[in-house]
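K.L.:
The structure follows.
Derivation of every value follows stated rules applied to the coordinates shown; laboratory data play no part. From a predicted model like this one, the values you see are computed outputs, not experimental measurements. Note: ideal-geometry Cβ built from the backbone for every residue, glycine included; neighbour counts use all protein chains shown.
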Amino acid sequence: MTGKLAVYEQAACCITGICGAKANPELLRMSSVYETLKAKGIEIEIYNLSRSPKAFAENKQVIAYLRKHGEKALPVCTLDGEIAIEGRYPSNSEIIAALGLEETALDELLPPGKLLCER
């Protein structure tokens, strides 16, 4: 692995974004990426503001970003603790590059994670 990737996202009731009337395709994609990498023994951290407030508070850069821009400006992604992407989720190719994976690592994604708030 090249670096440690963490995604800090807005408060939501579930990891897939299906808790409302309309599914968020980016949350579904990120959930699939998370499940696929987890199955391969590769971890990325995904912190939701409502379920992981301590993770936000422990990263001074992320908390400063949140104070300056507000929750609506999330997600923000860090690579090795430094903010790398603001206001959007990383693309699959950005994840592959950040983690030093083979280009085909995310060609076949597993289904999104459980609809429950477990992550």
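K.L.:
Suppose R0 equals 41 Å. What FRET efficiency, 1/(1 + (r/R0)^6) with r the Cβ-Cβ distance, do residue 102 and residue 10 give to the nearest 0.05?
P.N.:
0.85
K.L.:
Which distance in nm do the two modelled labels at residue 91 and residue 58 give, with both placed 7 Å along the Cα-to-Cβ direction?
P.N.:
Taking the two extended label points, one gets 3.1 nm.
K.L.:
Please report, in cubic angstrom per residue, the volume enclosed by the convex hull of the alpha-carbon atoms of the stretch 32-78.
P.N.:
88
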